[in-house]
Amino acid sequence: MSPSPTSFTDEAWIALENLGDKASGLFNPSIRLGVTGLSRAGKTVFITALIHNLLNGGRLPLFEAQRSGRIRSVALEEQPDDAVPRFQYEDHVKALVGKRIWPDSTRAISELRITLHYQSASGWGRLLSPGKLSIDIVDYPGEWLMDLPLLTQDFAAFSEQAQKLARQPRRAGFARDWLARAEQTAPDAPADEMTARDLAQDFTAYLRACKDDEQAFSSLAPGRFLMPGDLDGSPALTFSPLVKLVAGRPAKGSLQAMMERRFEAYKAHVVKPFFRDHFTRLDRQIVLVDALQAINGGPEAIEDLETALGDVLASFRPGANSFLGSLLTRRIDKVLIAATKADHLHHESHDRLEAITRRMVDRAVKRIGRSGAGIDVIALASVRATREATVSRDGDRLPVIVGTPIAGEKIAGEHFDGEKKTAVFPGDLPSNPDVYFDRDGASCKTPPQVNIIRFRPPDMEDTGGGITLSLPHIRLDRALQFLIGDRLT
């Protein structure tokens, strides 16, 4: 039996936190929205675009409360958690709009509160509802989310899973140094700090290589090895899976005993506090994924993302929230899986990108879908960096996207300086997503790739009154409606 992710003390602490949140919510209704993503999927951009469009009355036709004119005002307010860093929205807007650069990716947890004053859609609602909803947006790295499955693993299971992944064909080359060192390491040898450090460094180097954009791997635990912060060099991060393990309890003072103790310390002092203090307080969750990068990474990258999404969904506490039930144990009642960078494709492939992503989460949805959690999949672009056009080639009309490639990007040998616009034919995704999931090789078709390059944010202009136009997007309104629309009825 796998160990429980929480102890009785943890559950009591979680219950107290939930009671406090509920008491506060009686006077100021709020919803905690978790935002995370896997492998540079654009968490910071999503939050910035969401807030910017709400504050500036952006074009959000599928967001019913705004379309019907029921939102009276929107404002940023002081966040409720003083010990959590504030999401620096203003700096990110300056980067996107003023400098036309993408803001830095998420490195730690942050939070921001935005409050909507609205009119209820029903007469009874206008009488009974305060007409106010605060959205506490909690931004955290996807690497932290990938650590949650560790709470149900012991060191032996962790080591077995790690070496199984490391021996996969596309990972094996990056894991060569770590595997070689681990295979030569005797688990019953005396505990030695330099041996532990060398193993941890080799394992971290392997994880970093897998995280590279060209590889597009998503299952990369422990996540803090990739972003250690103030834990860099601490014993809690100076451990590694072992290839060879002694059966039963390892001898006191052995290398395996040291590694097991540090693995448990990592769970206790790094993973559990995040799970207890932040994750278990979420009401809604969006997980952003770069499915296009996985598609171009090939079958192993797709399977890896599929596995990662399964682990992600299994880590949530999914289920419909009842008032009494959520007093003690809160459940995330809506989860949105969003494939980002839809603007890198012509609109004809947007639904196909969504279908491929939905196929990736099918097995996980079937496993937990009966718990009452609302799970949906969407293809979106938080900030649309391109526009669509057509070009003539050899008498044919090709659908293309037009944008400004980031400096250093290249297409067919042409290098871009970050100023010149260009038209790109991205290719078409197949209408049948199953071609990407042919694990047995029964299909003779080679899954198509798409031409993916990075574009600068769009060139924004000010209106005559000096007010910056809202950031363009693809389906951001649909995401908003799914995540919070029911709380504004």
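Read the figures in this text as sums done on the coordinates, not as results from a lab. Model, not experiment: these values are computed from the prediction. A quick note on method: Cβ atoms are made from the backbone with ideal geometry, for glycine too, and the neighbour counts reach across all protein chains shown.
Taking the Cα centre of the stretch 147-270 as origin, sum charge times position over the Cβ atoms of Lys and Arg (+1) and Asp and Glu (-1), and report the length of that vector in debye to the nearest 20.
On the way: 16 positive and 17 negative charges, 59 e Å.
The dipole magnitude comes to about 280 debye.
Please arrange 411, 453 by how many other C-beta atoms lie within 10 Å of their C-beta, fewest to most.
On the way: 411 13, 453 16.
Ranked by crowding around the Cβ, least crowded first: 411, 453.
Given points 7 Å out from each Cα along the Cα-Cβ axis, report the residue 412 to residue 119 separation in nanometres with one decimal.
5.5
Any idea what Rg and Dmax come out to for the stretch 147-270 if you just take the C-alpha atoms, in Å?
Rg then Dmax for the stretch 147-270, in Å: 13.5, 43.
How do 43, 420 line up, fewest other C-beta atoms within 10 Å first? List each step's numbers first, then the result.
Details: 43 24, 420 10.
The order, fewest Cβ neighbours first, is 420, 43.
How do 460, 259, 146, 194 line up, fewest other C-beta atoms within 10 Å first? The partial results should precede the final answer.
Values: 460 15, 259 27, 146 22, 194 7.
The most exposed by this proxy come first: 194, 460, 146, 259.
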